[in-house]
């Protein structure tokens, strides 16, 4: 780190930063660095100077914050900057982001990343490399945008056992489900709205199929439960099959529907799953609407701790990136990098098969409106030990709709019961089921 | 720091800790240190060993966690422990806690405290002493028990401007107001319930008069707005005058009543106030019930960030104390203490007088049921530029009750209008007013 002469003749250290990628989040990072220059310098004890910006195309139109003379398409140019300190990776994707981060670590540079897929896929490996090289690898922005959930799980709860992590971690899903509930519109209409507002991508499948949220849970599980599961290890269901009928039924039973990720430390293993879920209307989670995200962490000693905020967006995400940058820059400046990174330990933990999950369920059957049908359904459920808690029956033309909630049951048994029913003549369509989280 | 031989023959450093005070929180700290011994050692890279416990009376019955042979009533004995590293202060109050912390800092010891009153009163001074001595002074547990609000405001938001901090920071008030709303009981009954459940002290005045919450806001303002106000600088009102009538009226207008602390950075000054407040039923704050606490922080770039959890209680508070301990112990072990403490800067900021506050208000008048009274009240309000937004009138025997909300108005003007009305013959009792926070 060099020193520059400030106008007031007081010399201040400089932390030299390279930005890998300059899309939405990168633009936000540059804007925050500019807007809060003085406050950040005071906090870090050094000025944070962006010295190089790696992009794919230097001719592309950029945010006004992006200084054109710093742009390069050549990673060599980035790594040959003399006295480079920190690399901020906001390009996303596994490659070349992963290789560039490895290269930075190998060079003794500290890394800040917002890359959810990369941390979910290779987090433990990259963290081990960083720990060995005694540099930091900070990734607050990889989960929940501006919500300080990484910091909370890995620092605030360091003195406790994390028992469960339940969250609304995809703003697109939450926006769509909110609109379906509040405006009574169907999935496709709500999705189109989300796309128009910029909440959903042109290809929304990663979001609406639940994979984005599930990858975030893999990261939180790594921190909270010290697991090292694969990025796609979490059983995942999306929201595309949710019907407005389900909202009405859930409401009758005192619930609303949210896309949740659910992680629990069972002692001898970890339970992870991501899917649309019935949550009680009185729960804080039920009242998190629109594109907001929410994480509900339960510590053995702490009890409940709930964090709510904007899970995406250029500026909220950039706040997390720059907060990480301030912290690692300060650590580097004072010559004790990698402390936080070295204190992270993960290891093999068993993942509970979803068939072993014990939960309450919401079930939807569309059947021929004939006597004895309910008895047959109740019988098939009962044979597998599934007991009905509440039930309502609605007539729809010449059919009937049976909507019910069950007492706690093992998911494998429930699925056997539903399979047994699937080929019966009185069933008009495949039964629908959703898990209930009484949180 | 010494090193001890572990059973597996791997030597591990020891961080030596003295506990000042061994009440509820101190017992919780000892329990967590015991229960999470291995995980903490892994995280810190050293075992955390409590070597001395300062108490007022060694004969008093203690929690089972409290090791009797470590007890002493003599501070000299604490400070003469060879190789002492960290002092945890959980005795509370200004004195002798303050002097003991100063002494620890002067000796180069790192300090963790849960002492709200002390940090609110002398935070900037003690932090400056710690920064100068290059030791840490951590105080996450001083506000919001187990909620990581100190960490969030001072670290997660370090790259942003904190625009406002609004919170439910007193569990006793929140429990009482929740019971008044849900069960329709009066203040005294709800208070008795809170006392029975251990939420309220035998002398509940610090809580129900709002002072406890106001002191917490002083600490959050120090971190979020970099102010250094006196502990009693925040204009404060308690909940003792709230009536069940007010809940019914608030509900009619779409609101509920919460005891809030409200802090805003106005650029040329800071606005701080603590009082019962109308909040919209749809707000997350409105749905934080019972003894839970909640802090709603708004960052210029971040937008809203909401934290919810248990604001008191031995174990939640101890989680924050031990998380702080883990962090400062690690820093001390690696020889770079005081980093976080040194990055905190406060300075004189102007406090906006409450008369300058611009807010919407809820008003309650009990008047003689006679024609022309409403016109006189509306006239008096109008003369001071206070305009009514919504109004309902209720008959009560030979009187009438006028309940209304106003448009935004300056508090000084509203108070002039209410003063002008106070001595009129048609008023049966002093008008009631509450601020509205459309959050």
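The values are calculated or read from the model by the stated rules, or taken from the named source; none is laboratory data. Small disclaimer: the values here were computed from a predicted structure and weren't measured. Quick reminder, even Gly has a Cβ in these numbers, built from the backbone with ideal geometry, and neighbours come from all protein chains shown.
Taking the stretch B:300-319 as the region of interest, how many residues are on the phi < 0 side of the Ramachandran plot and more than 7 Å from chain A (Cβ to nearest Cβ)?
Residues in the stretch B:300-319 being on the phi < 0 side of the Ramachandran plot and more than 7 Å from chain A (Cβ to nearest Cβ): 5 in total.
Here is a yes/no grid of residues against (1) outside any helix (DSSP H, G or I); (2) farther than 17 Å from residue B:90 by Cβ; (3) in the same structural domain as residue B:262 (by TED's automatic domain parsing); (4) modelled with pLDDT under 95:
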{"site": "B:111", "(1), (2), (3), (4)": "yes, no, no, no"}
{"site": "B:163", "(1), (2), (3), (4)": "yes, yes, yes, no"}
{"site": "B:198", "(1), (2), (3), (4)": "yes, yes, yes, yes"}
{"site": "B:201", "(1), (2), (3), (4)": "yes, no, yes, yes"}
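Scan the stretch B:275-311 residue by residue and report those that are more than 19 Å from the chain's Cα centre (by Cα) and over 29 Å from residue B:411 (Cα atoms).
B:301, B:302
Has the stretch B:242-252 got at least one residue that is in a strand (DSSP E or B) and surrounded by 21 or more Cβ atoms within 10 Å (Cβ to Cβ)?
Scanning the stretch B:242-252 turns up no residue that is in a strand (DSSP E or B) and surrounded by 21 or more Cβ atoms within 10 Å (Cβ to Cβ).
So, in the stretch B:21-38, how many residues would count as being in contact (Cβ under 8 Å) with a residue 60 or more places away in the chain and either surrounded by fewer than 18 Cβ atoms within 10 Å (Cβ to Cβ) or within 11 Å of another protein chain (Cβ to nearest Cβ) (or both)?
Total meeting the criteria: 8.
Please state which one of B:97, B:18, B:106, B:41 is buried (at least 22 other Cβ atoms within 10 Å of the Cβ), touching a residue at least 12 places away in the same chain (Cβ under 8 Å) and either touching a strand residue (DSSP E or B) at 6+ places or on another chain (Cβ under 8 Å) or in the same structural domain as residue B:131 (by TED's automatic domain parsing) (or both).
So the residue among B:97, B:18, B:106, B:41 that is buried (at least 22 other Cβ atoms within 10 Å of the Cβ), touching a residue at least 12 places away in the same chain (Cβ under 8 Å) and either touching a strand residue (DSSP E or B) at 6+ places or on another chain (Cβ under 8 Å) or in the same structural domain as residue B:131 (by TED's automatic domain parsing) (or both) is B:18.
Checking residue A:233 against (1) part of a helix (DSSP H, G or I); (2) at pLDDT 95 or above; (3) more than 21 Å from residue A:431 (Cα to Cα), which single condition isn't satisfied?
Residue A:233 satisfies every listed condition except (1).
Taking the options A:295, A:261, A:279, name whichever one is away from chain B (no Cβ under 14 Å) and outside any helix (DSSP H, G or I).
A:261
Give the stretch A:40-55 a look and list any residue that's within 8 Å of another protein chain (Cβ to nearest Cβ) and not in a loop (DSSP other than H, G, I, E, B), or say none.
A:40, A:42, A:43, A:44
Please verify whether residue A:122 is outside any loop (DSSP other than H, G, I, E, B) and farther than 21 Å from residue A:349 by Cβ, treating the condition exactly as stated.
Criteria not met by residue A:122.
Take the residues in the stretch B:334-362 that are touching a helix residue (DSSP H, G or I) at 6+ places or on another chain (Cβ under 7 Å) and assigned to a helix (DSSP H, G or I), then tell me which one is farthest from the other protein chains (Cβ to nearest Cβ).
Among those residues, the one meeting the criterion is B:355.
Does residue A:70 count as within 14 Å of chain B (Cβ to nearest Cβ), over 25 Å from residue A:231 (Cβ atoms) and surrounded by 14 or more Cβ atoms within 10 Å (Cβ to Cβ)?
In short, no.
Could you list, in sequence order, all residues of the stretch B:367-393 that are in a helix (DSSP H, G or I), in contact with a helix residue (DSSP H, G or I) (Cβ under 9 Å, 6 or more places away or on another chain) and buried (at least 17 other Cβ atoms within 10 Å of the Cβ)?
Once the filter is applied, which keeps residues that are in a helix (DSSP H, G or I), in contact with a helix residue (DSSP H, G or I) (Cβ under 9 Å, 6 or more places away or on another chain) and buried (at least 17 other Cβ atoms within 10 Å of the Cβ), the stretch B:367-393 yields B:377, B:380, B:381.
Do we have residue A:186 as more than 20 Å from residue A:293 (Cα to Cα), touching a strand residue (DSSP E or B) at 6+ places or on another chain (Cβ under 8 Å) and free of Cβ contacts under 8 Å to residues at least 60 places away in the same chain here?
no
Which number in (1) facing another protein chain (nearest Cβ under 7 Å); (2) in contact with a helix residue (DSSP H, G or I) (Cβ under 7 Å, 6 or more places away or on another chain) marks the one condition that residue A:290 misses?
The single condition residue A:290 does not satisfy is (1).
Does residue A:223 count as within 15 Å of residue A:168 (Cβ to Cβ) and within 14 Å of the chain's Cα centre (by Cα)?
So residue A:223 does not fit the description; no.
For the stretch A:394-410, how many residues meet the condition of being surrounded by 15 or more Cβ atoms within 10 Å (Cβ to Cβ) and over 23 Å from residue A:251 (Cβ atoms)?
1
Within the stretch A:165-189, which residues are in contact with a helix residue (DSSP H, G or I) (Cβ under 7 Å, 6 or more places away or on another chain), assigned to a helix (DSSP H, G or I) and surrounded by fewer than 24 Cβ atoms within 10 Å (Cβ to Cβ)?
A:175, A:179, A:180, A:181, A:187
Listed residues B:349, B:360, B:330, B:298; which is in contact with a strand residue (DSSP E or B) (Cβ under 6 Å, 6 or more places away or on another chain) and over 27 Å from residue A:32 (Cα atoms)?
Matching residue, one of B:349, B:360, B:330, B:298: B:360.
Just name the residue that is nearest to the other protein chains (Cβ to nearest Cβ) out of those in the stretch A:130-149 that are modelled with pLDDT of 95 or more and not in a loop (DSSP other than H, G, I, E, B).
This residue is A:140.
Might you let me know whether the stretch B:411-429 holds any residue that is in a strand (DSSP E or B) and either surrounded by fewer than 16 Cβ atoms within 10 Å (Cβ to Cβ) or modelled with pLDDT under 95 (or both)?
yes
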